[in-house]
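Visitor: Attaching a single structure in structure tokens format; questions to follow.
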Amino acid sequence: MSDTLAQPQAADDTMRARLLDLLTRHKARFRLIEHAPEGRTDVVSAMRGHRTEQAAKCIVVRVKATKKHSRYVLAVVPGDRRVDLGRIQELWAARNVSFADRATAERLSGCVSGSIVPFSFDPALELVVDPALLEHEEIFFNAADLALSVALDVHDYVRIAEPRTETIGERAEAAPA
């Protein structure tokens, strides 16, 4: 995705336009789904009419490598799973791993919380996707907008995003986050 990397825009409409431009330029097979504003994975999946495991749940994670150095990872897991922080800590040989604070997540992703897209437009945000999400023909996610979603062909997603794939999701014992 090197042709799309630049500083993220804070405005949701700018990120939405950027996402749709990316998908259109790369001739992705996708469709847009309008719905009531919603960012909770289980609720919006029902509104969009698909199984929760087809939803791309996108979480920004802070990976602390040393006392003074941290990096950020955009962890994308199926909607019926949660991010396994222990697994991310293991994969990055990190001292500590935690969810990024809301302001940092929104700055790095260019999206408001609940509408983060499964693409990284910032070189400081490394994309990693759980392979269980890629087992479906289509994936679904909010399009940097709580009232608009994308249904995207999974092969086109992999081709365009070029994500690192690692098993980073675990079955949620309780309600989805």
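The numbers here are math on the coordinates, done by the rules we state, and not lab data. Just so it is clear, the model here is predicted, and its values are computed rather than measured. Glycine also receives a Cβ, built like all others from the backbone with ideal geometry; neighbour counts cover every protein chain displayed.
Visitor: Test of understanding: ordering 47, 15 by Cβ neighbours within 10 Å, fewest first, what list do you get?
Guide: With the sparsest Cβ surroundings first, the list reads 47, 15.
Visitor: Taking the convex hull of the Cα atoms, report for the chain its projected area averaged over all directions, in nm².
Guide: Average projection, Cα convex hull of the chain: 9.3 nm².
Visitor: Something else: So what's the gap between the Cα centers of the range 19-45 and the range 128-167, to the nearest angstrom?
Guide: Answer, in whole Å: 10.
Visitor: Mind sorting 128, 117, 76, 63 by how few other Cβ atoms lie within 10 Å of their own Cβ, fewest first?
Guide: If I rank by nearby Cβ atoms, fewest first, I get 128, 63, 117, 76.
Visitor: Could you please rank 66, 167, placing first whichever residue has the fewest other Cβ atoms within 10 Å of its Cβ?
Guide: Ordered by Cβ neighbours within 10 Å, fewest first: 66, 167.
Visitor: In bins 10 Å wide, starting from 0, what share of all Cα pairs of the range 116-163 does each bin hold, as a percent?
Guide: So the P(r) values, bin by bin, are 25, 56, 19.
Visitor: I've got another one for you. Cross-link partners among lysines for residue 57, C-alpha distance below 26 Å, same-chain residues fewer than 8 apart left out?
Guide: Leaving aside lysines fewer than 8 places away in the same chain, those within reach of residue 57 are 27.
Visitor: Moving on to the next point. Mind checking the dipole of the chain: about its Cα centre, +1 per Lys or Arg Cβ, -1 per Asp or Glu Cβ, Debye to the nearest 20?
Guide: With Lys and Arg at +1 and Asp and Glu at -1, about 580 debye.
Visitor: Suppose a student asked you for the relative contact order of the chain, using Cα pairs under 8 Å spaced at least 6 residues apart; what percent would you report?
Guide: Once normalised by length, the contact order is 31 percent.
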